[in-house]
Amino acid sequence: MPIELKKVLWQWRGVWVAAPSVALLITLLRLLGGLQGLELAIFDQYMRLRPMEKIDDRVVIVGINEADIRAIGQAIIPDGIYAQLIKKLKAQNPRAIGLDIYRDQAVNPGHKELVEVFESTENLIGIEKVVGEKDRGTIAPPPALKALGQVGANDLIVDPDGKIRRALLAVGDNEGISIPSFGMFAAAMYLDAKGIAPEPAEENEEWWQFGETVFVPFLPYDGSYIRGDAGGYQAIINYRGPSRHFKTVSLMDVLNDKIPKDWARDRAVLIGMVGESSNDVFFTPYSGSLLALPERMAGVEIHANIASQILSTVLDNRPSIRSWSEPGEILWIFVWSGVGATLAWTMRHAGKNKIIIVKRIGSFVLAACAIAGTAYAALILGWWIPVVPPVLALLGSAVAITAYIARTAGDIRNTFGRYLTDEVVATLLENPEGLKMGGERRKITILTSDLRGFTALSEQLSPEKVVKILNFYLGYMAEIIVKYQGTIDEFMGDGILVLFGAPTTREDDPERAISCAIAMQQAMTMVNQKMQEWGLPNLEMGIGINTGEVVVGNIGSEKRTKYGIVGSQVNLTYRIESYTTGGMILISETTLKEIDPAETNVTINGKKEVAPKGVKRPITIYEIGGIGGKYDLYLSKEEEVFLPLPQPIPLQYALLDGKNIGETLFSGKLIQLSTKGGEILLSSLEKASPPPVLANIKLNFLGLDLNGERSEDVYGKVLEKSAETQGFYIQFTSRPPKVAAKLNEVYQSINSNKAQG
């Protein structure tokens, strides 16, 4: 596979996996019928939200309501009443009269008169129930109208949720004869007056065609239906509006001549029950509202909608409700799954950036609104396209991408440590080799830090308190390190090992390492405020920085891997850090040379040449006072004031080699004192020379007036040798509370006497 293609595939790997996987899952869920109920509910809501269509004057209704029944005096209206009604309507020359009343049996008085009306009215249509239901069988048509071929089927298709969304245009009876539906027959009779007759469609002889309009039958997977019963010749009803959206008059209004004399002229008039007691009312897509009880629609009005739909489709080019093919709908789901995956993938590295998070949420809201808006606009144009599956695919693919990123980022953090910046994690996510075993040689900048005297302090505290201090201190430092895009490789007790340049390399790695170190030292003020709240002595930290080539990579086994570095430069960094005193930052010459002085000014407070153990040649290290440029960070420099002691304090000290204490004890006395250190004069009996500069020592005071006791261990670092005496200056790195308090008392007393003198 070409490298470029492999790179592209890797860069978009989440989309390639998530989009089709989620789309297939949603498609399968849809094909199993799991979304049909929700999709039908959305369709109903869209139907209710559509702009109200104007009333179709071509179809009118004579509704038999509760008042009509009370006026007649009986629930089952006699045939004679219907005979009078039809005669009065016939006199107004309608194009069609549809009687949506079962009259398979005589209801006297007036049956003979009604039969005569049936036989003499050529544009009259009766009804029969062809299909029947579980609890009710078929119902025969009026015999007289059956003989004339003027009967339509008034069967209605009820969906599983009890609503009527589909109509029968025709249905076969038990003998296989196709019978037009009541609404279709009424519309056909109306169109016949205009010279438009139904005929077999050219593309399929089983379909009906009126003029240029072909009525394509409903299929089992049309719209949101899954394996819908497509028996007969069905169509999705394109309702004109909610109940009572057709011009309607009552039975008694017609009988009492309370309607205009031309009210029925050139119209299709449908007669049917509209009262609740008739039990001929049904739920439709309009039977739902958040603010009102569901309202049912009379059966005759549903047939009026069917007739109006046929007329408006043929005469007005009003669109029928159609749907895409099943492959088209599946493609629609795949497209939006791809959109969701792409949006999530392109914004996967937002991290805690609130603006990007808001944009991410907003993009998905807009995408979901685009789906909903497109489906709504399509329905107005007569197309029923899925809404729920693409929205689920959109959001599902986003969730899948997010889960993938979270898991992969978790794996990276498990390998590289918790404290990685989101940017570093993002870079590793884009690197297909990022988590493989092995290593590579790379020049990086290494930072190590250590608390001065913390080991001695921890020996005096309970383990719980030590952990409490470490957690607070390390947590504070970790935030700063992450801010400066360092990678915390390891916490070692109170020490921290930080990498700049691994696993990701940047041109300003040395500058950021120095800036990070200064920020860490500045943060010690806040750390020590907490220490004072806890009644504990202040902490002091030393930091060493070095730049050089090391081997970086995943170290371990396939089951347990740790990202780490190996090389002599790591050891050298530890050596440089060991030369620091509290509050000091020391860097190697190699680090200093990596910084362009034209862009970033580094303040150097001093330099020393040292010979670290294990290094063949001496190296120069530099004490950092600050860094300019875009970082603009500086350490405050406190001048140490050494005051002569009126009475020198005798002491003994031993040299330290790492954590090991030398066996030889040297005698001396403290002759000057400052807030952080002092000057020690070697005993005249000692033949030894002062300890090396930057050496670590352990000392015990013998005459500090601690009830005549030898003081607890005090630790310090040699700063420089005395120029005038056989002595040296030290900075205390660890003082027990009693010793610190006593030394401070002595210093304040001398300082006070000096001020008074």
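All of the numbers you see were taken from the coordinates with simple rules; none came from a lab. Keep in mind it's a predicted model, so treat the numbers as computed, not measured. Cβ atoms come from the backbone with ideal geometry, glycine included; neighbour counts cover every protein chain shown.
Scaled against 2.2 N^0.38 Å for its residue count N, the alpha carbon radius of gyration of segment 444-526 is 1.15. Overall shape: oblate for segment 550-700, with the ratio a/c of the largest to smallest alpha carbon gyration tensor axis at 1.5 or above and b/c at least equal to a/b.
For the pair Glu53 and Leu331, label points projected 7 Å from Cα toward Cβ lie 2.9 nm apart. Looking at the square roots a ≥ b ≥ c of the eigenvalues of the Cα gyration tensor of segment 508-567, which shape do they give, rounded for a/c under 1.5, prolate if a/b is larger than b/c, or oblate? In terms of gyration-tensor shape, oblate. In terms of overall dimensions, the C-alpha atoms belonging to segment 695-755 reach 31, 30, 18 Å along their principal axes, ordered largest to smallest.
What is the angle, in °, between the Cα long axis of helix 36-49 and the longest principal axis of the Cα atoms in the chain? Nearest 10 is fine, range 0 to 90. Orientation of helix 36-49: about 70 degrees from the principal axis. Taking only the Cα atoms of the chain, the radius of gyration and Dmax are 46.7, 149 Å.
Here the residues Thr27, Thr448, Thr675, Thr525, ranked from fewest to most Cβ neighbours within 10 Å of their Cβ, fall in the order Thr525, Thr675, Thr27, Thr448.
Helix 326-346 and the longest principal axis of the C-alpha atoms of the chain enclose an angle of approximately 20°. For segment 643-756, the mean projected area of the C-alpha convex hull, equal to one quarter of the hull surface, is 7.3 nm². With only the Cα atoms considered, segment 612-688 has a convex hull volume of 179 Å³ per residue. In plain terms, the chain from Trp16 to Glu720 could stretch by 246.9 nm, reckoned as 0.36 nm per residue minus the Cα-Cα distance.
Summarising the label geometry, the points placed 7 Å from Cα in the beta-carbon direction at Ala611 and Lys354 lie 5.9 nm from one another. Expressed in Å, the radius of gyration and Dmax of the Cα atoms of segment 437-634 are 16.8, 51. Just to verify a number: FRET efficiency for Gln532 and Ala377, C-beta to C-beta distance, R0 = 56 Å, to 0.05? Calculated transfer efficiency: 0.25.
Between Asp104 and Lys483, what length comes free when the chain is fully extended (0.36 nm per residue of separation minus the Cα-Cα distance, one decimal in nm)? If you can, show how the numbers build up before the last one.
On the way: separation 379, 0.36 × 379 = 136.44 nm, distance 8.76 nm.
My answer for the length gained is 127.7 nm.
Working note: Debye formula, equal point scatterers on the alpha-carbon atoms of segment 53-322, no solvent; log10 I(q)/I(0) at q = 0.07, 0.11, 0.13 Å⁻¹ is -0.23, -0.59, -0.84. Put simply, the convex hull of the Cα atoms in segment 194-300 casts, on average, a shadow of 10.6 nm².
With the convex hull constructed from alpha-carbon coordinates only, segment 1-160 shows a mean projected area of 17.8 nm² over all directions. Helix 111-120 and the longest principal axis of the Cα set of the chain meet at an angle near 90°.
Look at Thr313, Thr600 and count the other Cβ atoms within 10 Å of each Cβ; fewest to most, that gives Thr600, Thr313. Counting every other Cβ atom within 10 Å of each residue's Cβ, Asp262, Asp494, Asp79 order from fewest to most as Asp262, Asp494, Asp79.
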